[in-house]
1. Provide the three semi-axes, in whole Å and in decreasing order, of the ellipsoid equivalent to the range 1-52 as defined by the square roots of 5 times the Cα gyration tensor eigenvalues.
2. State to the nearest 20 debye the size of the charge dipole of the range 13-61 about its Cα centre, where the only charges are +1 on K and R beta carbons and -1 on D and E beta carbons.
3. Between Gly132, Gly77, Gly124, find the one with the highest GNM mean-square fluctuation for the chain; connect C-alpha pairs within less than 10 Å.
4. Counting Lys and Arg as +1 and Asp and Glu as -1, each charge on the Cβ, what is the dipole of the chain about the Cα centre in debye, to the nearest 20?
5. How large, in percent, is the carbon and sulfur part of the accessible surface of the chain at a probe radius of 1.4 Å?
6. Given Cα pairs under 8 Å that are at least 6 residues apart, what percent is the relative contact order of the chain?
7. Roughly how far apart, in whole Å, are the Cα centres of the range 1-31 and the range 86-140?
Amino acid sequence: MVTGKVFKYGDNVDTDVIIPARYLNAPSPAELAKHCMEDIDPDFAAAPHQGDIMVGGWNFGCGSSREHAPIAIQATGVSCVIAASFARIFYRNAINIGFPILECPEASEAIRSGDTVSVDFDSGVITDETTGETFRAVAFPPFINNIISHGGLLSYLKDKQGQ
């Protein structure tokens, strides 16, 4: 379960907007985080984000298949992304790095920037604490929750080999 302040964006937020190509050679996730969303929200990277929540519209993370996009968002301290839908490659990259994302068109539409939102990953329940509205996203199946809780696919596989 996480609770955080919402940063909201629209439809078709592509990977070049999430992390501009000019920063793809950054030496670390922390450096990527400094430039996350800067072309559409210059103040985003400077704001504190530990536990905050990003909300997007339809087709969030479209564009190139770079894994840098979910890494950059995660490195800012954002705890998860809620969107009406995700580009499939962003969806897979997020799970592969252990970054939780939830698809919920109703929440994406209703939640506003600045709201405080709680997310229960086990049940898929999203609560807008500001308005009192609740929404239900499809919860991940246990095997994907397990990958996310291990911090990503590689950590999960390493742990499985050690058993």
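1. 19, 15, 10
2. On the way: 2 positive and 8 negative charges, 29 e Å.
That gives the range 13-61 a dipole magnitude of about 140 debye.
3. Gly132
4. 600
5. 52
6. 23
7. Using only Cα atoms, the two centres lie 16 Å from each other.
The values are calculated or read from the model by the stated rules, or taken from the named source; none is laboratory data. Just so it is clear, the model here is predicted, and its values are computed rather than measured. Backbone-built Cβ (ideal geometry, glycine too); neighbour counts: all protein chains shown. We work out accessible area using only protein heavy atoms, side chains counted, and drop any ligands, DNA or RNA first. Shrake-Rupley method; radii C 1.70, N 1.55, O 1.52, S 1.80 Å.
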